[in-house]
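This report refers to the structure that appears directly beneath it.
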Amino acid sequence: IGVLGSGDFARSLAIRLVCSGFKVVVGSRNPKRKAGLFPSAAEVTFQAEAVKKTDVIFVAVFREHYSTLCDLADVLAGKILVDVSNNTEINHHKESNAEYLASLFPACTVVKGFNVVSAWTLQSGARDGNKQVLICSNNQEAKRTVAEIAQVMGFTPVDMGCMSSACEIENIPLRLLPAWKIPIFLALGLFLCFFTYNLVRQVIHPYIREQKNKFYKIPIEVVNTTLPCVAYVMLSLVYLPGVLAACSQLYYGTKYRRFPDWLDQWLQHRKQIGLLSFFCAALHAVYSLCLPMRRSHRYQLIETAVKQAVEKKMNVWVEEEVWRMEIYISVGIIALGLLSLLAITSLPSIANSLNWREFSFIQSTLGFIALVISTLHTLTYGWSRAFDENQYKFYLPPTYTLTLLVPCTVILAKVIFNLPCIQQRLLRIRRGWEKGRYVKFVLPSATGEYSSGETSSNV
């Protein structure tokens, strides 16, 4: 196998090819200076010599340096060139790098591949990175040859079709978390809304009404009040689209009607929304553990102790508050544990070890239980304070009462869907039954002959 280039990717590629049992010849413009960078089993020589000795050549140079290989056009004729390059921007050029390379060397067969595999993955092996190698070319035999090389190297070749797919393949490594864009903006939007709401209630209200400076609460206390709200609502948004999809199927009486685009996109982003919910819940747990470490908290404890000493209060134990906090913390720990389980099983390496029933049980059943327990966590936090008029600052209800709206709607809908009459109908629809569909039947007539007819499946 030939490798043209002496950069990081070319070096990693040569190492992986040598470890896979291939004889590697590296072509460089300065072979003496670059020889020490490659494994001793690889032969490092001039580009022309490397091309003469090999039939499959990996072109590991940048697009702007393709023209430097034009002097080798005669030697390259009939060879298979594997273009592994990427661009710096999506759709930076009108044509893909592979198509441009093919235009420079029309006597060669160009295959696009290995550009979605990082240099780290090549050096550490396919076990520690993405195993897929996307391949495209107009020549089936050349694609088959490169696919066999990828398999020997421990990767999984994926045929992406003809050379026109090269542009799409080259854009893949440049996309920054495409599936996370909408969930991240959703989480940020919720965070800003709840943060502003809590800021008004916890900082602005006492500053205006009581002339108390409580701006010190912004970095930790206000943020810690906001994070659980975002986590709780995001968790409910994981299961709300399933409820809407079930309502659509029940209303139309079929599973074959396409969902609206917004609902379809929502269903596809549930995994990312759930992971962001876990992230906010984990931050909430860390922030809560740090609350007693604040200097302001210590001052408040001392101030409270002095007031109790002045008032000669020997016992300040409140049984109801003790039980409320014990239940609140215990339920919160259980909810965080279930969210951790959901997050771990959503990872591909863990999900691939589970069958569909196990994965569905964890993500659906245990996920819904996590939502219920999170609701209990929120209710025990509020307790009876929801009915205290002092909690309605600027006539605004406490934040936790607002967060209960969507989750309680989801829980109520789930309970309704589990009623036998509705559950059976929904199960029939998801097994292919359709409202208004006609089925044929035959009945014996008075003379003993059979006559055919039609009736609705509703009957």
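The values are calculated or read from the model by the stated rules, or taken from the named source; none is laboratory data. All values reported here derive from a predicted model rather than from experimental measurement. Please note: Cβ atoms are built from the backbone with ideal geometry, for glycine as well, and neighbour counts cover all protein chains shown. What goes into the accessible areas is simple: the full protein's heavy atoms, side chains included, and nothing from ligands, DNA or RNA. Shrake-Rupley method; radii C 1.70, N 1.55, O 1.52, S 1.80 Å.
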Selected residue (criterion: surrounded by the most Cβ atoms within 10 Å (Cβ to Cβ)) from residues of the range 131-141 that are under 17 Å from Asn97 (Cβ atoms) and touching a strand residue (DSSP E or B) at 6+ places or on another chain (Cβ under 6 Å): Ser137
Hey, could you check the range 176-190 for residues that are in a helix (DSSP H, G or I) and without any contact (Cβ under 8 Å) to a residue 60 or more places away in the chain and say which is surrounded by the fewest Cβ atoms within 10 Å (Cβ to Cβ)? Pro178
Exactly one of these conditions fails for Tyr251: (1) crowded, with 17+ Cβ neighbours inside 10 Å; (2) without any contact (Cβ under 8 Å) to a residue 40 or more places away in the chain. Give me its number. (1)
Quick check on this structure: which one of Ser349, Ser288 is of a type in the set (Gly, Ala, Ser) and over 24 Å from the mean Cα position of the chain (by Cα)? Ser288
Of the candidates Ala246, Ala231, Ala281, the one satisfying the condition of being aliphatic (A, V, I, L, M), buried (at least 18 other Cβ atoms within 10 Å of the Cβ) and touching a Cys at 6+ places or on another chain (Cβ under 7 Å) is Ala231
Check on Ala147, small (Gly, Ala, Ser), in contact with a Pro (Cβ under 8 Å, 6 or more places away or on another chain), open to solvent by less than 80 Å² (accessible area, probe 1.4 Å) and at pLDDT 95 or above: yes
Of the conditions (1) surrounded by 10 or more Cβ atoms within 10 Å (Cβ to Cβ); (2) assigned to a helix (DSSP H, G or I), Glu320 clears all except one; give me its number. (1)
Enumeration of residues in the range 191-216 that are open to solvent by less than 60 Å² (accessible area, probe 1.4 Å) and among the charged types (D, E, K, R): Arg201, Lys214
At least 1 residues that are touching a residue at least 12 places away in the same chain (Cβ under 8 Å) and among the polar types (S, T, N, Q) in each: list the helices (runs of 4 or more DSSP H) lying fully within the range 1-75 that qualify. 8-19, 47-53
